[in-house]
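Engineer: Below you'll find the structure I mean.
The values are calculated or read from the model by the stated rules, or taken from the named source; none is laboratory data. Just so we're clear, the structure is a prediction, and the values are computed from it rather than from any experiment. Here the Cβ positions follow ideal geometry from the backbone for every residue, glycine too, while neighbour counts run over all protein chains shown.
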Amino acid sequence: MLTEVYSMGLKESEATEQFFTLGNLIRSYVAKNWSRTNQAYIEKGKKQVYYFSMEFLLGRMLKSNLLNLGILETVRDGLSDLGIDLEALVQIEPDPGLGNGGLGRLAACFIDSMATSEIPAHGNGIRYKYGLFKQKFVNGYQVELPENWLQNGNVWETRKMHAAVTVRFYGHVWLEHSGKGYLVPHYEDAQEVLAVPYDSAVIGFNNEIVNTLRLWSAEVPPQDESTDYWSFIHQRNEIESISEVLYPDDSNYEGRLLRLKQEYFFVSAGVQSIIRHYKKMHLGIEHLAEKVAIHINDTHPALCIPELMRILLDEEHMDWEHAWHLTINTMSYTNHTIMTEAMEKWPIEMIQTLLPRIVQIICEIDRRYVMEMGRLFDTDLIQSTRIVEGGHVRMAHMAIIGSHSINGVAQLHTNILKEKVLHPFYLIYPSKFNNKTNGITQRRWLMLANEPLRHLIDRKIGNEWATMPTELKMLKAFREDKRTLQELAEVKRQNKVRFARFVEESMGLEINPEAIFDVQIKRLHAYKRQLLNLLHILSLYFKLKEHPEADLHPRVFIFGAKAAPSYTYAKQIIKLINSVAELINHDPDIHDKLKLVFVENYGVSLAERIIPAADVSEQISLASKEASGTSNMKLMLNGAVTLATLDGANVEIREHVGEDNIVLFGLRTDEVYHYYKDGTYHAHDYYEKIKCFTAS
């Protein structure tokens, strides 16, 4: 294939050509099982899950695909025989620019896990051309550059032009009675966008199951010959911007409009595609909820609800009651936050301008909700929970009202939703609420990220834990075994040496592998409290300045984080961390007892380097603010000691590992809410008590 595609032999080829050739071979190897899986789902009439998410933070796929196919070591050895290092090819692949933080990484772990669990489940999102952004530090400040991850193409995807659908924006809609009991919408002056799907294989672990991740690209529909050239260029730029950037700047009207356009674009394309595929089963549309489950990951895809209603009403000519019953029983929703500012609201005028038919359906859903629930509950409760309020459409409210299941992502988070944040809805729909604590896939975060530890575990307990992580409990039998403990310590040392080498090569900074590696890697946000961590680092620094010979074991603090481009506070914290790093890393007085490393452009591949080397895992969000968190799981899985507040999934981690295996500090959730209520907490008072900060 190398000769066929690149017209060159192995000796003349570079790592890039070798990577793409290997990727194409893997895709060909997978094709038969992929086709077989899809055909089996149709023939057996399997219910299929469609996971709608604005983000899919996949990470590099080469080794993951090889591992799941069961041929990782075979391919590694085969390449070695040809004089090719697999790791060199891995470095050619860019991290796909399809996500940012925990939301996208959870989506990636879910689709991997569902394929491995033989659940017929597929991802649905946007094929971003430039991703979020590539982070650079310039004089300590974050600078955002284009993340051109598709520059050389994506070897794992297949363009499916035959499956393209049309998505409508703008214009006017008027309704006409058909004479047959349903309304016929007529669209005038609408902008039509062609949504083209790019499919990638989601390979189950050693089971021949191959599900699909479908990502949509916005393109200009075919034009007639009379189209003016410059009008076409303007239209193309406007349309293609829909799938160019993840989370465009929403600090102005144009940016907010583009975000809303993105949300409807992938929702409409995805739901249309699902209905088209469902009809291949030759079942009546009235059986949709028996064969299709649509999951809304956070509020970004909440427009799935009115979009499915649009199709059922306008194209399938169902009456409202049956369409609404089907919609509710098809939809489910995961809430990911208790932060009020993160609960999406869109001005109804904006939706009216952009999505005239959808706004009609939303308003009718809202009207019927108020009318029906008004018979059962008091007016204040209904007004506080309705979808349209104060000139805005509340997306979380629509997701709750239009779904049959609403879950939080940790038991504490779910309890807070039921008792505080979404309490009015819990009074109305108690049976809808449930908990699904977030998780991770051990295949990427241990088997791939930490191969030395994987091999050690396999020698001790076998490899059943690859699909049954609870089997890792068998390692308890070795907790007093000195040889095993020494082997574990050696694995950790090797990982730290490897990361130290990476830091020196990429940043020019020497760090001591014998130091404690203290790690905080997550999105930069006030509630995640990177600033609190930094204050602790400064307190250690000031103590060392005062007592340079103090008996302090060397520590290396490691940060990885991006700040949203318009989040000024977070960007100031990045500058502050880098300034403190400059101060500490070049101070000879402290004898290298402290170092601070802030890695640039943090993402999945960097996490795979950092996590196996970590000694301490900083999980220090303000109690009640972190919905779940998953870096806590990844770091603990790789042997880091967790320093944590009782927030998110930390609560359940403590229950599983016991008080002796997690270090807790800080306020509890009830204490935080107490301070909110009485207003007696003043941060400056505590700051004044810390002598090293207030000394002249």
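Engineer: Kindly indicate whether any position in the range 576-588 is closer than 24 Å to residue 615 by Cβ, touching a helix residue (DSSP H, G or I) at 6+ places or on another chain (Cβ under 9 Å) and not aliphatic (A, V, I, L, M).
Structural biologist: So far as the range 576-588 goes, yes, one or more of its residues are closer than 24 Å to residue 615 by Cβ, touching a helix residue (DSSP H, G or I) at 6+ places or on another chain (Cβ under 9 Å) and not aliphatic (A, V, I, L, M).
Engineer: Right, next: Write out, first by first residue and then by second, each pair whose Cβ atoms fall under 8 Å of each other, whose residues are 6+ apart or on separate chains, and whose first residue, in the range 533-544, is within 13 Å of residue 691 (Cβ to Cβ) while the second is β-branched (Val, Ile, Thr) and in a helix (DSSP H, G or I).
Structural biologist: Pairs that qualify, where the first residue is within 13 Å of residue 691 (Cβ to Cβ) and the partner is β-branched (Val, Ile, Thr) and in a helix (DSSP H, G or I), are 538/580.
Engineer: Another question, then. Collect the residues in the range 467-510 that are among the hydroxyl-bearing types (Ser, Thr, Tyr), in a helix (DSSP H, G or I) and either under 32 Å from the mean Cα position of the chain (by Cα) or within 20 Å of residue 606 (Cβ to Cβ) (or both), keeping them in residue-number order.
Structural biologist: Initial filter on the range 467-510 (among the hydroxyl-bearing types (Ser, Thr, Tyr)): 467, 470, 484, 506.
Imposing the further condition that a residue be in a helix (DSSP H, G or I) reduces the set to 470, 484, 506.
Listed by number, the residues that qualify are 470, 506.
Engineer: Test residue 613 against the stated conditions and say whether it is closer than 26 Å to residue 452 by Cβ, modelled with pLDDT of 95 or more and buried (at least 18 other Cβ atoms within 10 Å of the Cβ). Before you say what the answer is, go through the steps one by one.
Structural biologist: Values: closer than 26 Å to residue 452 by Cβ: yes; modelled with pLDDT of 95 or more: yes; buried (at least 18 other Cβ atoms within 10 Å of the Cβ): yes.
It is true that residue 613 is closer than 26 Å to residue 452 by Cβ, modelled with pLDDT of 95 or more and buried (at least 18 other Cβ atoms within 10 Å of the Cβ).
Engineer: When the residues of the range 247-263 are narrowed to those that are at pLDDT 95 or above and under 19 Å from the mean Cα position of the chain (by Cα), which ends up nearest to residue 355 (Cα to Cα)?
Structural biologist: Across the range 247-263, the extreme among qualifying residues is 260.
Engineer: Taking the conditions exactly as written (touching a residue at least 40 places away in the same chain (Cβ under 8 Å) and surrounded by fewer than 24 Cβ atoms within 10 Å (Cβ to Cβ)), does residue 399 satisfy them or not? Write out each step before concluding.
Structural biologist: Values: touching a residue at least 40 places away in the same chain (Cβ under 8 Å): yes; surrounded by fewer than 24 Cβ atoms within 10 Å (Cβ to Cβ): no.
When the stated conditions are applied, residue 399 does not pass them.
Engineer: While we're looking at this one, here's another question. Being without any contact (Cβ under 8 Å) to a residue 40 or more places away in the chain and more than 29 Å from residue 622 (Cβ to Cβ) is true for just one of 350, 309, 331, 371. Which residue is that? Talk me through it step by step, then tell me what you get.
Structural biologist: On the way: 350 fails: without any contact (Cβ under 8 Å) to a residue 40 or more places away in the chain; 309 fails: without any contact (Cβ under 8 Å) to a residue 40 or more places away in the chain; 331 fails: without any contact (Cβ under 8 Å) to a residue 40 or more places away in the chain.
Residue meeting the stated conditions: 371.
Engineer: Follow-up question, since we're still on this one. Looking at (1) more than 25 Å from residue 258 (Cβ to Cβ); (2) of a type in the set (S, T, N, Q); (3) more than 27 Å from the chain's Cα centre (by Cα), which is the one condition that is false for residue 191?
Structural biologist: So the condition that residue 191 fails would be (1).
Engineer: Taking only the range 56-110 into account, find how many residues are over 30 Å from residue 632 (Cβ atoms) and basic (Lys, Arg).
Structural biologist: 1
Engineer: Let me ask another. Taking only the range 249-265 into account, find how many residues are free of Cβ contacts under 8 Å to residues at least 60 places away in the same chain and polar (S, T, N, Q).
Structural biologist: Result for the range 249-265: 1.
Engineer: Enumerate the helices (runs of 4 or more DSSP H) found wholly within the range 271-359, keeping only those where 1 or more residues are closer than 26 Å to residue 41 by Cα and not small (Gly, Ala, Ser). If you could, list the steps in order and put the result at the bottom.
Structural biologist: Details: elements: 288-291, 304-310, 320-330, 348-354.
In the range 271-359, the matching helices (runs of 4 or more DSSP H) lie at 288-291, 304-310, 320-330.
Engineer: Same structure again: Hey, could you check the range 645-657 for residues that are within 22 Å of the chain's Cα centre (by Cα) and in contact (Cβ under 8 Å) with a residue 24 or more places away in the chain and say which is nearest to residue 109 (Cα to Cα)? Walk me through it before giving the result.
Structural biologist: Here is the first cut: in the range 645-657, the ones within 22 Å of the chain's Cα centre (by Cα) are 647-653.
Filter once more, so that each one left must be in contact (Cβ under 8 Å) with a residue 24 or more places away in the chain: 647-652.
On the way: 647: 22, 648: 18, 649: 16, 650: 19, 651: 21, 652: 19 Å.
The qualifying residue nearest to residue 109 (Cα to Cα) is 649.
Engineer: Let me ask something else about it. If you scan the range 228-259, which residues turn out to be touching a helix residue (DSSP H, G or I) at 6+ places or on another chain (Cβ under 8 Å) and not in a helix (DSSP H, G or I)?
Structural biologist: Correct list: 247, 248, 249, 250.
Engineer: Mind checking which residues of the range 385-416 are farther than 22 Å from residue 649 by Cβ and either outside the structural domain of residue 363 (by TED's automatic domain parsing) or part of a loop (DSSP other than H, G, I, E, B) (or both)?
Structural biologist: Selection gives 386, 387, 390, 391, 402, 403, 404.
Engineer: Another question about this same structure. Scan the range 11-40 for residues that are more than 18 Å from residue 213 (Cβ to Cβ), hydrophobic (A, V, I, L, M, F, W, C) and in contact (Cβ under 8 Å) with a residue 40 or more places away in the chain and jot them down.
Structural biologist: 15, 19, 20, 22
Engineer: Any idea which of 56, 52 is in the same structural domain as residue 265 (by TED's automatic domain parsing) and under 20 Å from residue 446 (Cα atoms)? Steps first, please.
Structural biologist: Values: 52 fails: under 20 Å from residue 446 (Cα atoms).
After ruling out the rest, the residue left standing is 56.
Engineer: For the range 10-59, what are the residues that are of a type in the set (Gly, Ala, Ser) and either part of a helix (DSSP H, G or I) or at pLDDT below 95 (or both)? Steps first, please.
Structural biologist: Our first condition is that a residue be of a type in the set (Gly, Ala, Ser); within the range 10-59, this holds for 13, 15, 23, 28, 31, 35, 40, 45, 53, 59.
Of everything in the range 10-59, those that are of a type in the set (Gly, Ala, Ser) and either part of a helix (DSSP H, G or I) or at pLDDT below 95 (or both) turn out to be 13, 15, 23, 28, 31, 35, 40, 45.
Engineer: Determine whether residue 95 is closer than 30 Å to residue 579 by Cβ, in contact (Cβ under 8 Å) with a residue 40 or more places away in the chain and of a type in the set (D, E, K, R). Talk me through it step by step, then tell me what you get.
Structural biologist: Numbers: closer than 30 Å to residue 579 by Cβ: yes; in contact (Cβ under 8 Å) with a residue 40 or more places away in the chain: yes; of a type in the set (D, E, K, R): yes.
Yes.
Engineer: Tell me the residue from 552, 524 that is assigned to a loop (DSSP other than H, G, I, E, B) and at pLDDT 95 or above, please.
Structural biologist: On the way: 552 fails: at pLDDT 95 or above.
Only one candidate qualifies: 524.
Engineer: Quick one: in the range 143-185, of everything that is more than 30 Å from residue 20 (Cα to Cα) and exposed (fewer than 11 other Cβ atoms within 10 Å of the Cβ), which residue is farthest from the chain's Cα centre (by Cα)? Break it down stepwise before answering.
Structural biologist: Quick first cut of the range 143-185, residues more than 30 Å from residue 20 (Cα to Cα) only: 143, 166-185.
Among the residues that remain, those that are also exposed (fewer than 11 other Cβ atoms within 10 Å of the Cβ) are: 176-181.
Details: 176: 42, 177: 44, 178: 44, 179: 47, 180: 45, 181: 43 Å.
The residue in question is 179.
Engineer: Can you tell me which residue among 214, 236 is of a type in the set (D, E, K, R), in contact with a strand residue (DSSP E or B) (Cβ under 9 Å, 6 or more places away or on another chain) and either surrounded by 21 or more Cβ atoms within 10 Å (Cβ to Cβ) or closer than 22 Å to residue 325 by Cα (or both)? Give the steps one after another, and end with the answer.
Structural biologist: Numbers: 236 fails: either surrounded by 21 or more Cβ atoms within 10 Å (Cβ to Cβ) or closer than 22 Å to residue 325 by Cα (or both).
The conditions single out 214.
Engineer: Follow-up. For the range 186-211, which residues satisfy the criterion of being crowded, with 16+ Cβ neighbours inside 10 Å and either among the polar types (S, T, N, Q) or not assigned by TED's automatic domain parsing to the domain that holds residue 236 (or both)?
Structural biologist: 200, 207, 211
Yes/no matrix, rows are residues, columns are (1) over 30 Å from residue 413 (Cα atoms); (2) under 27 Å from the mean Cα position of the chain (by Cα); (3) modelled with pLDDT of 95 or more:
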| position | (1), (2), (3) |
| --- | --- |
| 282 | yes, no, no |
| 286 | yes, no, yes |
| 293 | no, yes, yes |
| 296 | no, yes, yes |
| 325 | no, no, yes |
| 328 | no, yes, yes |
| 332 | no, yes, yes |
| 338 | no, yes, no |
| 341 | no, yes, no |
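Engineer: While we're on this one: Would a scan of the range 105-116 turn up a residue that is within 30 Å of residue 466 (Cα to Cα), touching a residue at least 40 places away in the same chain (Cβ under 8 Å) and either part of a loop (DSSP other than H, G, I, E, B) or among the aromatic types (Phe, Trp, Tyr) (or both)?
Structural biologist: Start the filter on the range 105-116 by keeping residues that are within 30 Å of residue 466 (Cα to Cα), which leaves 105-116.
Now restrict to residues that are touching a residue at least 40 places away in the same chain (Cβ under 8 Å): 105-116.
Okay, now just the ones that are also either part of a loop (DSSP other than H, G, I, E, B) or among the aromatic types (Phe, Trp, Tyr) (or both), so 110.
Yes, some residue in the range 105-116 is within 30 Å of residue 466 (Cα to Cα), touching a residue at least 40 places away in the same chain (Cβ under 8 Å) and either part of a loop (DSSP other than H, G, I, E, B) or among the aromatic types (Phe, Trp, Tyr) (or both).
Engineer: In the range 117-142, how many residues are over 30 Å from residue 292 (Cα atoms) and buried (at least 17 other Cβ atoms within 10 Å of the Cβ)?
Structural biologist: Let us first name the residues in the range 117-142 that are over 30 Å from residue 292 (Cα atoms), namely 130, 132-142.
Now restrict to residues that are buried (at least 17 other Cβ atoms within 10 Å of the Cβ): 130, 132-135, 137, 142.
Here the count works out to 7.
Engineer: Follow-up question, since we're still on this one. Within 29 Å of the chain's Cα centre (by Cα) and either in a helix (DSSP H, G or I) or free of Cβ contacts under 8 Å to residues at least 12 places away in the same chain (or both): is that true of residue 577 in this structure?
Structural biologist: yes
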